[in-house]
Amino acid sequence: MNSIKITIIALLFIPLSGFTQDEQPLTNKEKRQNRTTYRGITYAALGIGSLRDFATSPLTYTGVFIAAGGFKINLDKRRETEWGTPFSVGFFANTFNDHSSSSTLVSFSPYYSELYRLNALSSDKLNVKIGGMLQATVIGRLNPDLQNNSLGLEIIPTLFGSIKGTLDVSRTTDKDKKFLFFKYKREKRQKSLAFRLNTGLVNASYRNGFAYSGQSFLVNETQLFDDYQFKVFSGFRMSSSLDYTLYSRKTTNAVQISYVWDALQTGGDLDTFEMAQHGLRFTLLFNTK
Amino acid sequence: MKKYKLFWLVLLLGVLSCEKVFFEENLATTDAQKNFEYLWTEVSEKYSYFELKGIDWDAVKTEYSAKLYEDMPQDSLFLVLGGMLTELEDDHVNLISNFNVSFFGTRFFGQDNFYRRLIEDNYLERNYYISGPFAHDFLDNGEIGYVYFPSFQGTINETNIDFVLERYKDTKGLILDLRENGGGAVTDIFSLLSRFVEEKTLTHYSRIKNGAGPNDFSEAEPAYVTPYKGIRYTKPVIMLIDRGTYSAGSFTALATKALPNITLMGDTTGGGLGLPNGGQLPNGWTYRFSITQALTLDKRPDYENGVPPDIQVLFDWNDLTTDEVLERAILELQ
């Protein structure tokens, strides 16, 4: 399994060979001033997912989630800085052998990301950027069937290596089209298609200890993270997003439809937690600079 | 340009199903042997009272695995797995399916020591008070307060306990009846006992499993009861217990051993001093078992087998007009 992981991760970073940087003599201040700022509001996101916490059950729970959130992104052709705070609620269940259990999940995942242009793979139409993202995902789960282990709470901090390719798919001229007997006109419009892949370089988790439950409330000193352990440099996490962005003809704002994917597995010598989510995200982008 | 598009397309398609490569296979199964192994191993690594109870878990495995056979009905498998858990002699151990729940039945190992209707008929007024989880009234011509506390529901709050203690502040003593109290929310223990101490008091210790070996435990953590900053009761208290006093009820009884103004009376409690966890088997059934030990002030786990009373009194079922345990408590407080 480990060799497969290493091979896949290595393949993903092949494009990084031949890395060079711009040589345009702009000061950092000038570069910052020239960068465009968008504030994004994800007003709806929905998707499907699965989770399994081996500390309490070997069964996989599947279900749906809804999400929302906001982010701010400063970008130009050379650099892209983004931070955001997505929030989601999920409803998962396992039905097997005429037995059903459900797990309600709440997740909060703040992140900060920096990307820089990779000239070797970029062109007028395609802008490839690489960099990293720091994300801390807080996951709370409630499964009443697990009695004193009904509450699950994890924090999954991850430092990702990231690569993002943005393809300019704008319509640069007006086009007259015809469908059956109907004639219509497709006006020129700015559009882009972007794919981003994040691979966990430093995976960590803050999670329950050996017995899963804690004993603090038994000794009259209740703690939220009772008997928790911090594990670093173990586990796995990967996420991606495919964004289709449609810019307004009249303003500099845009709408974005994204397919997002996130998969993680905690590491260490204790029972692991694994979760994957696939979602469709609808975002409004407001150009504020 | 085409090569870039192809690269991204291949990458995207690969990532869409990527998690299947990294995650472990689906482990859901109704296979009897696999479910047996899973449960036996979970208990083997995390159960906290093997040594105290002298249980040879390997021998239990040998005995019960011999009862497994291919394609055995669910009910038969349940009886095997449930029977195996019953060997732990612990009512914090259960196997739970949607057609049966296994249990040990600690309370059957001592005589029934409580008859609520008798108390209602012969000792309390018809309009006795019910304040939150407490049913209470005056006894012995208003000289003694009687408080029946049947369950730790997590509902003790300032209002109801203040009312109870204020009502009986001028009595000679209080009888706190925890007979057949099967336990519940641990937080109630400290809310209750904080009304009967005048200084921060070490009552017991607790330790939790932290490794797969039978004696792999954390350090013993001390438990303290801190005086409530409000209404407290400082006169003598007699706490009534029996074999049905379990879990949080037993924790309370254990803690009172360190509180000089509280006397335990009745029969030995049922025990249940290990915190039960919760988990699920590959076939969807759920289970729980003890993963901690409560320790006495000299750090012994013995009271898991029952907290003994300071004064032993048994109910006489040949006379259903008198509660001998309650009568003795009244006598002690007069």
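So the values come out like this:
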{"item": "Cα gyration tensor shape for segment B:65-140, rounded if a/c is under 1.5, else prolate or oblate", "result": "prolate"}
{"item": "Cα-derived Rg to Rh of the protein assembly as shown, Kirkwood definition", "result": "1.12"}
{"item": "Residue-averaged [θ]222 nm for chain B, counting only DSSP H segments that reach four residues, each worth -39500 (n - 2.57)", "result": "-9000 deg cm²/dmol"}
{"item": "Using a Förster distance of 22 Å, the FRET efficiency for residue B:116-residue B:261 (Cβ separation, nearest 0.05)", "result": "0.25"}
{"item": "Per-residue Cβ neighbour rank within 10 angstrom, fewest leading, B:80, B:101, B:164", "result": "B:101, B:80, B:164"}
{"item": "Within a Gaussian network of chain B (alpha carbon springs, distance under 10 Å), most fluctuating of B:102, B:76, B:290", "result": "B:76"}
{"item": "Backbone HN-Hα couplings from phi across segment B:121-134 [Karplus 6.51/-1.76/1.60, Hz, Gly and Pro as x]", "result": "6, 10, 10, 10, 6, 4, 9, 4, 7, 10, 10, x, x, 9"}
{"item": "Inter-chain shielding of A:56-63 (mean C-beta neighbours from other protein chains, 10 Å cut-off)", "result": "5"}
{"item": "Between segment A:241-289 and segment B:43-115, the alpha-carbon center distance in angstrom", "result": "48"}
{"item": "Eligible lysines near residue B:235 by straight Cα distance, threshold 28 Å, same-chain separation 8 or greater", "result": "B:169, B:172, B:200, B:257"}
{"item": "FRET E, pair residue B:202, residue A:74, Förster distance 41 Å, beta-carbon r, rounded to 0.05", "result": "0.10"}
{"item": "Within straight-line cross-link reach of residue A:31, aspartates and glutamates at Cα separation under 20 Å, skipping those fewer than 8 residues along the same chain", "result": "A:22, A:23, A:76, A:80, A:82, A:114, A:124"}
{"item": "Choice from B:310, B:267, B:298 showing the highest fluctuation, given a GNM over chain B with Cα pairs closer than 10 Å", "result": "B:298"}
{"item": "Crossing angle, helix A:2-12 versus chain A [Cα axis fit, 0-90 degrees, rounded to tens]", "result": "20"}
{"item": "Kirkwood Rh, angstrom, segment B:222-334 [1 / mean 1/r, Cα pairs]", "result": "16.1"}
{"item": "Anchor residue A:188: aspartates and glutamates whose Cα lies under 12 Å away (excluding residues fewer than 8 positions away in-chain)", "result": "A:174, A:176"}
{"item": "Solvent-free Debye scattering, log10 I(q)/I(0), computed from the Cα coordinates of segment B:78-185 at q = 0.11 Å⁻¹", "result": "-0.51"}
{"item": "Reciprocal mean inverse distance between Cα atoms of segment A:229-289 - Kirkwood radius, Å", "result": "14.2"}
{"item": "Calculated from backbone phi, Karplus (6.51, -1.76, 1.60) coupling profile of segment A:234-244 in Hz, x at Gly/Pro", "result": "8, x, 8, 7, 8, 8, 8, 8, 10, 10, 10"}
{"item": "Under Karplus coefficients 6.51, -1.76 and 1.60, residue-wise ³J(HN,Hα) of segment B:299-315 in Hz, glycine/proline x", "result": "6, 9, x, 4, 6, 4, 7, x, 8, x, x, 6, 10, 8, 9, 10, 6"}
{"item": "Calculated [θ] (222 nm, deg cm²/dmol) that DSSP helices of n ≥ 4 give over chain A, each run adding -39,500 (n - 2.57)", "result": "-2000 deg cm²/dmol"}
{"item": "Of all DSSP beta bridges in the protein assembly as shown, antiparallel share, percent nearest 5", "result": "90"}
{"item": "For segment B:130-220, share of DSSP beta bridges that run antiparallel, in % to the nearest 5", "result": "55"}
{"item": "13 Å beta-carbon shell around residue B:296, net charge (K/R +1, D/E -1)", "result": "+1"}
{"item": "Of A:191/A:250; A:125/A:191; A:72/B:20; A:250/A:289; A:231/B:34; B:34/B:209, pairs whose Cα-Cα distance is over 22 Å", "result": "A:72/B:20; A:231/B:34; B:34/B:209"}
{"item": "Relative contact order %, chain B, counting alpha carbon pairs below 8 Å whose residues are six or more apart", "result": "19"}
{"item": "Ranked B:48, A:107, criterion: other C-beta atoms within 10 Å, fewest first", "result": "A:107, B:48"}
{"item": "Antiparallel content of DSSP bridges confined to segment B:240-313, in %, to 5", "result": "40"}
{"item": "Overall dimensions of segment B:207-266 by Cα: Rg and Dmax, Å", "result": "15.5, 46"}
{"item": "Average beta carbon contacts from partner chains per residue of A:204-216, 10 Å cutoff", "result": "5"}
{"item": "Sorted by Cβ density within 10 Å, fewest first, the residues B:275, B:165", "result": "B:165, B:275"}
{"item": "Gaussian network model of chain A, springs between alpha carbon atoms under 10 Å - residue of A:96, A:108, A:71 with greatest fluctuation", "result": "A:96"}
{"item": "Test item: B:270-280 mean partner chain Cβ contacts at 10 Å", "result": "5"}
{"item": "Gyration tensor verdict on segment A:156-234 (Cα atoms; rounded if a/c is under 1.5, prolate if a/b is larger than b/c, oblate otherwise)", "result": "prolate"}
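Every number in this text was worked out from the coordinates using simple rules, so none of it is lab data. Note that the structure is a prediction, hence the values are computed from the model and not measured. Every residue, glycine among them, receives a Cβ derived from its backbone with ideal geometry; neighbour counts consider all protein chains shown.
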